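Following: one structure in structure tokens, then a few remarks.
The values are calculated or read from the model by the stated rules, or taken from the named source; none is laboratory data. These numbers were taken from a predicted model, which means no experiment stands behind them. Neighbour counts are summed over all protein chains in view; Cβ atoms, including those assigned to glycine, are modelled from backbone coordinates with ideal geometry.
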Amino acid sequence: MTREKQTAPPAKIRLVDLGFAYGSQVVFQEVTAAFPDRAITAITGPSGQGKSTLLTTINRLWETVPGARLEGRVLLNRAGRWQNVYAPDIDPARLRRRVGMVFQAPNPLPMSIRKNLAFPLKIAGCRDRRRLEEKTEQALRQAFLWEEVRDRLDEDARRFSGGQQQRLCIARALVLEPEVLLLDEPTSSLDTAAAGVIEELLASLKKNCALVMVSHHPEQVRRLADRIFLLEKGRLRLV
Amino acid sequence: MKEKGLDRLLVFYAWTAALVLLLAVLAVFGFLLQRGLPVLNLKLIFGNADPLAALGGRQPVFDGLYPAIVGTLMLVVLAVTLAVPVGLGAGIYLAEYSRGRQRALLGLFFDILAGTPSIIVGLFGLTITIFLHRCLSAQIQPCLLISALSLAFLVLPYLARTTQAALEEIEPAVRLTAPALGASRRQNLFLVLLPQALPGIGSGILLAIGRCAEDTAVIMLTGAVAAAGLPRSLLDHYEALPFSIYYYSSQYANPEELQRGYGAALILLATCALLFILAFVLRQLLTRSRGIAAGWRP
């Protein structure tokens, strides 16, 4: 597998000679790959192989884990220019505003829908109430949630169903208009119907950003993914 | 058959133990109420002074418990105010910033401090007072401020450890939520982690309040006296309820004085209950608004 072959469509993310270890235990090594923009890339493979960890190398979220080590580079395409997310002048918090992430289990903060949606904007320094409201509505619409919650914005987010909570978390990640959205098995805690809605939603998000999704379900991957990678025995390969 | 018998025995044993505890509490309260209630009146608190005038500070109270009540309240508020910022900070450091061996070592130190008998802490306060008296100013003597500082030392480890435990209990998923949305470490701490940990931290403060109100060994070495009236400043002697109880019960000259000791015990219990209720209400209010930092309303 050569690098040229992979970068054929416009790429958004490039992993270059990426290696990851906890203490002396190597999770993966020599990972080189390119993920296309405005498309869904799926990473699949047996569990416990470091698929989630691979995702967190893109938004640097692994750095909070003690004893973890990374080598190599992760490059992000910004208007045609490649930028290493591990460059010394990159602030991880700012990076994560551009590279959103949604987790396996929905993780709404213990507050209302409205406040959950406003949270990322507020920490990014947005104080304008009108802008907050606009962005909230826009993100909830994007996440197929607006019609269901428009009259219940001030209710505790934890009172909604699992599927609604997960769409809320996707909306919350979208509110900052990220360039990349990382999804760590986003439907594995949901029933088939709720998962179906999320799949439809993800397909519609392709027009806005690059999606990188870890998934265990072969059918889901086949239905959704534009490019499929398999992480196995510490190596990543294109399927 | 034998299994069943053992099961029954265990249940019987557990019941008996619970019953003994209940009886012990009831006996103590009953005894205190029986001895203390007859003397529990305004005269016990304000002596011969007019209650309203005393409360307004226009008339000093010489033969009542009023100065001791005020002394204890001041002591608790002062000690907890001094200890909370340090204890919270230490707990946050232990949970969020220290790693590996350093964390274990610091934790050990806090546990040693928590295990230090209060008489030793009192002795430490006294030593500091003598040192300051000799080296800084002859004006410095055992006083309210020194007592409060010593008590703050006594409760610091509780505060640090409960804060640490409350923060470490937070699930990894919750812990990563805000950073994944672009929050800095500080934002995550103040907007998510500390609000989540508030009930636990509140329990620590509750414990600290109780400890400050009841401790006698520390204050008898660092500034509590039998008759001082209301303290005029933080550098003045003061009276406190636990010390009054100790004093009345060990030095009484007649049955009436001993009776006053029981009255003081009841008042101390009531004061502690009041402080607990206050802290509890505060905790409920904070818990209700948790997840939302102050002044942070969209």
Fill in: Neighbours by Cβ (under 7 Å, 6+ apart or cross-chain): first from segment B:183-209, without any contact (Cβ under 8 Å) to a residue 12 or more places away in the chain; second buried (at least 19 other Cβ atoms within 10 Å of the Cβ)
B:183/A:93; B:183/A:123; B:183/B:191; B:184/A:93; B:187/A:123; B:187/B:178
Worksheet entry | Enumeration of residues in segment B:242-253 that are at pLDDT 90 or above and not hydroxyl-bearing (Ser, Thr, Tyr) | B:242, B:243, B:245
Worksheet item: List pairs: first in segment B:59-76 and touching a residue at least 60 places away in the same chain (Cβ under 8 Å), second of a type in the set (Lys, Arg), Cβ under 8 Å, 6+ apart or cross-chain?
Response: B:65/B:260
Worksheet item: Somewhere in segment B:136-154, is a residue crowded, with 18+ Cβ neighbours inside 10 Å, among the aromatic types (Phe, Trp, Tyr) and assigned to a helix (DSSP H, G or I)?
Response: yes
Worksheet item: Restricted to segment A:159-182, and to residues that are closer than 17 Å to residue A:110 by Cβ and among the basic types (Lys, Arg), which residue is nearest to the other protein chains (Cβ to nearest Cβ)?
Response: A:172
Item to complete: Scan (1) away from every other protein chain (no Cβ under 14 Å); (2) free of Cβ contacts under 8 Å to residues at least 24 places away in the same chain; (3) surrounded by fewer than 19 Cβ atoms within 10 Å (Cβ to Cβ) for the single condition residue B:173 breaks and write down its number.
Response: (1)
Worksheet item: So which residues in segment B:97-130 are hydroxyl-bearing (Ser, Thr, Tyr) and part of a helix (DSSP H, G or I)?
Response: B:97, B:118, B:127, B:129
Worksheet item: Considering segment B:214-232 alone, what residues qualify as being among the small types (Gly, Ala, Ser) and in contact with an Asp or Glu (Cβ under 9 Å, 6 or more places away or on another chain)?
Response: B:223, B:224, B:226, B:227, B:228, B:229
Worksheet item: Based on what the data block shows, is residue B:115 surrounded by 13 or more Cβ atoms within 10 Å (Cβ to Cβ), without any contact (Cβ under 8 Å) to a residue 60 or more places away in the chain and of a type outside the set (A, V, I, L, M, F, W, C)?
Response: no
Discussion item. Residues that are modelled with pLDDT of 90 or more and within 26 Å of residue B:260 (Cβ to Cβ): does segment B:6-24 have at least one?
Written reply: yes
Item to complete: Name the single residue, out of those in segment A:183-203 being touching a residue at least 60 places away in the same chain (Cβ under 8 Å) and of a type in the set (S, T, N, Q), that is farthest from the other protein chains (Cβ to nearest Cβ).
Response: A:188
Item to complete: Spot the failing condition for residue A:106; the list is (1) surrounded by fewer than 17 Cβ atoms within 10 Å (Cβ to Cβ); (2) more than 9 Å from chain B (Cβ to nearest Cβ), and only one is missed.
Response: (1)
Worksheet item: Filtering segment A:132-143 down to residues that are surrounded by 18 or more Cβ atoms within 10 Å (Cβ to Cβ) and more than 10 Å from every other protein chain (Cβ to nearest Cβ), which residue is farthest from residue A:194 (Cα to Cα)?
Response: A:135
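Listed here are the residues, each with its yes/no results for (1) loosely packed, with under 13 Cβ neighbours inside 10 Å; (2) outside any loop (DSSP other than H, G, I, E, B); (3) within 14 Å of chain B (Cβ to nearest Cβ).
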site: A:48; (1), (2), (3): yes, no, no
site: A:66; (1), (2), (3): yes, no, yes
site: A:83; (1), (2), (3): no, yes, no
site: A:86; (1), (2), (3): no, no, no
site: A:89; (1), (2), (3): yes, no, no
site: A:96; (1), (2), (3): no, yes, yes
site: A:115; (1), (2), (3): no, yes, yes
site: A:120; (1), (2), (3): no, yes, yes
site: A:130; (1), (2), (3): yes, yes, yes
Discussion item. If I ask for residues that are over 30 Å from residue B:262 (Cα atoms) and either of a type in the set (Val, Ile, Thr) or touching a strand residue (DSSP E or B) at 6+ places or on another chain (Cβ under 6 Å) (or both), which ones from segment B:62-110 would you list?
Written reply: B:84, B:86, B:92
Worksheet item: Can you find a residue in segment B:233-241 that is in contact with an Asp or Glu (Cβ under 7 Å, 6 or more places away or on another chain) and modelled with pLDDT under 90?
Response: no
